């Protein structure tokens, strides 16, 4: 009977030849073989009628008649369908006579394609708990995941043993699930590196969803590149990396949710992310959420990244890192790891963004929370550059001592931004908070430059941790801004609050513009050479407001160490309630600008403390100080008329100190922040041979700016002294 049906079907073949494109041979084992009608030469039976032969082109296939269910004809199709039903699999292969062979053992499917046709579609659907899909193909192809659920206990669920490009379509509105086992077939000589593995390039697209579980190694792996154009991919578990690419990884859009015991995304080449949503959780020691051996470029996307392992990294690149866009929320909680090195150890830190080269931020919006010991926000081995964007970094981990590789006691501390090279902050908004012991806002081994003529960055830096003893009299100090090389502020708005040092450089600190506001600090601004050329600076510190020191002797020295404070311009307010408002272990040079100083009320500290020379050649200065006999006037090399004035009794805080000439012209009207005894004063308005009067008390209708009145009318208080100016430096009591 079946032979008769087949005979009738074949008889009809001739009449259908010109109306149909495909002959479909439906076998009883649920495999359908397709043959192009135009290429079909003949179909004939053996003499006994037990077998039927189909000759299509140069290929002849033979089947027992009992193997054939039916033959039908239809339109041409470019899709090979694999439909899993546990151990039963339905296969529709339109290219059976064109070089596509499909082998099935239970739900284990192997495709060998020698077809010259590009972009054949392989559509997978259904479910199996003991199967896989493996393919060998000489030409690129498409893999359509159409609601498929595959578990392979002894290897990859999908295994592409082809070096060609594979485009994976996550069919819209479908959920696809792939899982491997905890052990693989050790006899296999082929690469089997993950749940979804490919020897060639992988491109993911479509609006469907794919969930991967990797119990043996990686979840998704390619020995070439991986590109995500769209789709929703979730890695619920990975024994090592959630995604591993050999050449490079690119993401243009889509959604990734990755959880792994190793890295989230690991590329042996570059990583490029243009857009999309990424949520990555990594808990292993020394794991990276996103890692690459080359350049990391991110220009868009939304990132939620959490790493908890010791010495782990959220973003790690061996090459340069460019953060040109995107919104980042990064949380790290891993601690430092001390690795044996030489005669001691080499610390490795848990870091949000780490580059073995340079880091550039140009438009990204980044929030970092770091709680591990010695944790870092940004860390680069070369340079750090910020061109635009927003950084909000909080570190709370403590610092500690350790023996370095030379066997010497050293220390580490948490730092928001650190680099072994130079740092340049052209623009953007930066908010840094460090609360751990000896924690730092910005720490640079090279030079640090803020702003330029066209850009006005905003920096708010706060440290609240305590210092701790390293060895002998050496302490690790919290610092808001620190650079080993020259620290230059060309523009910008800086707001500093530090539990120890505000702005520090052992080389030099130069302000050419912008605004500095050190609201709280122990040492406000400290360097061997401090130079103000322009801009505004307001410094309040409990020890020294401005401290010029070479730092060669612990606790300071009474000899000239060659350091200097130079003021060429700008508007500077310096204040200390208990230390020196200005302390130079070397020289002080005032050549221009406006300086307003508020020294301590009493004690051995002063408004100006200097070991070398205090030379005035221009500018305006008024400052209040104590009655300490260590107070002294400007040096004899001064070329602009200057005064050092001492009161016989304390002038209470908020009381006006006023000098006017014989014509009643206001020379200076000043209200000290704290009670005082002495004043340093210089102004280009002072002239030789002119008689001046000193008043204490009274009132003024002028505008008050950090203690200095400008404009308005002074109502006289108590006249204390009248004198005629004759020498460049005048010292008198009143």
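Overview of values
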item	result
Cα pair count fraction exceeding 19 Å, expressed as % - segment 257-316	23
Segment 78-241 shape via C-alpha gyration tensor axes, a/c threshold 1.5	rounded
Cα long-axis angle, helix 2-16 against the chain (0 to 90 degrees, to the nearest 10)	70
Rounded to 5, percent antiparallel among DSSP beta bridges of segment 78-241	15
Protection proxy ranking, peptides 523-532, 99-108, 260-269, average beta carbon neighbours within 10 Å, highest first	523-532, 260-269, 99-108
Cβ-based exposure ranking for 187, 58, in which fewest neighbours within 10 Å come first	187, 58
Segment 462-560 - convex hull of alpha carbons, volume per residue in Å³	93
Difference of contour (0.36 nm per residue) and Cα-Cα distance, residue 285 to residue 429	48.6 nm
Considering only the chain, percent of DSSP beta bridges that pair antiparallel, nearest 5	25
Compactness of segment 234-349 as Cα Rg over 2.2 N^0.38 Å, two decimals	1.05
Per-residue [θ]222 nm for the chain (sum of -39500 (n - 2.57) over DSSP H runs n ≥ 4, rounded to 500)	-500 deg cm²/dmol
Rounded if a/c under 1.5, otherwise prolate or oblate - segment 642-733, Cα gyration tensor axes	oblate
Overall form of segment 475-623 per C-alpha gyration tensor (a/c, 1.5; a/b vs b/c)	rounded
Measure of compaction for the chain (Cα Rg per 2.2 N^0.38 Å)	1.44
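FYI, it's all coordinate maths here, none of it is from the lab. Computed from a predicted model, the values in this text were never measured in an experiment. Reconstructed Cβ throughout: ideal geometry from the backbone, glycine too, with neighbour counts over all protein chains shown.
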